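> Below: one structure in C-alpha cells.
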Amino acid sequence: MVQRFCSVGPSYGAEHVCMMLSALLVISTDQTTMTAGLSHEHWMKLALQEAERALERREVPVGCIFVHQDKIIANGSNRVTETKNATQHAEMVAIDCIIDMCKVEKLDQAAVFKNTTLYVTVEPCIMCAAALRLVGIGLVVFGCHNERFGGCGSVLSVSNDDIPDYGEKIKIISGVHKEEAIRLLKEFYKGENPNAPEHKKKHKPQ
C-alpha cells in the first residue's frame, strides 16, 4: 500500500504531516530516480486524481505527486484561487512540503530531491521548472504540454538550457496520459472561475 508522507490539505499543515510520517523515509544516495516497481502510467493516474480534486475546488486542474523509492512523499494540486496566491501551483505546494519535511527530520534535502521523480499532469510552467531545477529534482514526467507557459520546452527550456548557477539539467518524459490531462483542462475552461478578477470573468450578453 502506498503511503503518503506529506499531503497538504485544509486540515493539516505540512509540518504536522511531516513530523508524523517522514521518519519512514530512508535516503539512499545511489538510488536511481526511476521508480523501479511501478510504471509511469500508474503514478500519473494518481497525479490525475490530484488534478480532479483541484477541479472540484474550481481550480485549474493540475495535480502532482513526488515519488521516492516507490513511495509518494508529497502530493499537491493548484491552490491559486483558494489562497489568492499566484505562486501556489501544484508543484510549489508539494516542494514546500518536502523542504519542510527535510528540515523537521534533518534529512539531506539535495539527496531527497535527486532521487525523486515528479509526476505532474501538465508541463511545469517557467516558475515551477526553475524551482524544480534549483532543488535538483531527478526526473520530471508530465502529461500534456503547456503551450502558454511551459518551462520544459513548450515556451522556454528552463529545464535543459545552460543557465549559470541553476544546477544540473532535468530529465524529462512527456505525454504520459496526456489525453486525460487535456480532458480535465477542457472541462475546467468550459466553466468560469468564481475567484477570477472581475475583468477576466465571462459575461453573458444581456
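> Could you derive backbone 3J(HN,Hα) for the range 140-148 from the dihedral phi with the Karplus parameters 6.51, -1.76 and 1.60 (θ = phi - 60°), listing whole Hz in sequence and x where the residue is Gly or Pro?
10, 10, 10, x, 9, 6, 10, 6, 9
> ³J(HN,Hα) across the range 161-167 via Karplus (A = 6.51, B = -1.76, C = 1.60, θ = phi - 60°), whole Hz, x for Gly/Pro?
So the J values, rounded to whole Hz, are 6, 7, 10, x, 6, 9, x.
> What is the range 55-206 by shape, rounded, prolate or oblate, if you read a ≥ b ≥ c off the alpha carbon gyration tensor as root eigenvalues and call it rounded for a/c under 1.5, prolate for a/b larger than b/c, and oblate otherwise?
Note, shape of the range 55-206 comes out prolate.
> Then there's this: Measure up LYS45/LYS103; LYS45/LYS114; LYS106/LYS171; LYS106/LYS178; LYS71/LYS106 against 31 Å on the Cα-Cα distance and list the ones that go over. Can you show the working numbers first?
Working: LYS45/LYS103 29 Å; LYS45/LYS114 23 Å; LYS106/LYS171 27 Å; LYS106/LYS178 37 Å; LYS71/LYS106 19 Å.
As for pairs spanning more than 31 Å Cα to Cα, those are LYS106/LYS178.
> Give me a comma-separated list of calculated 3J(HN,Hα) values for the range 81-88, in order, Karplus coefficients 6.51, -1.76, 1.60 applied at θ = phi - 60°, integers in Hz, x for any Gly or Pro.
6, 4, 8, 6, 10, 5, 8, 7
> First compute the accessible area of the range 43-86 with a 1.4 Å probe, then give the percent of it belonging to carbon and sulfur atoms.
47 percent
> Which aspartates and glutamates, if any, have their Cα less than 18 Å from the Cα of LYS84, not counting same-chain residues under 8 positions apart?
List returned: GLU56, GLU59, ASP96, GLU192, GLU198.
> So, for the range 33-153, what is the accessible surface per residue at a probe of 1.4 Å, expressed in square angstrom?
That works out to 37 Å² per residue.
The values are calculated or read from the model by the stated rules, or taken from the named source; none is laboratory data. What you see is a predicted model; the values in this text were computed from it and never measured. What goes into the accessible areas is simple: the full protein's heavy atoms, side chains included, and nothing from ligands, DNA or RNA. Shrake-Rupley method; radii C 1.70, N 1.55, O 1.52, S 1.80 Å.
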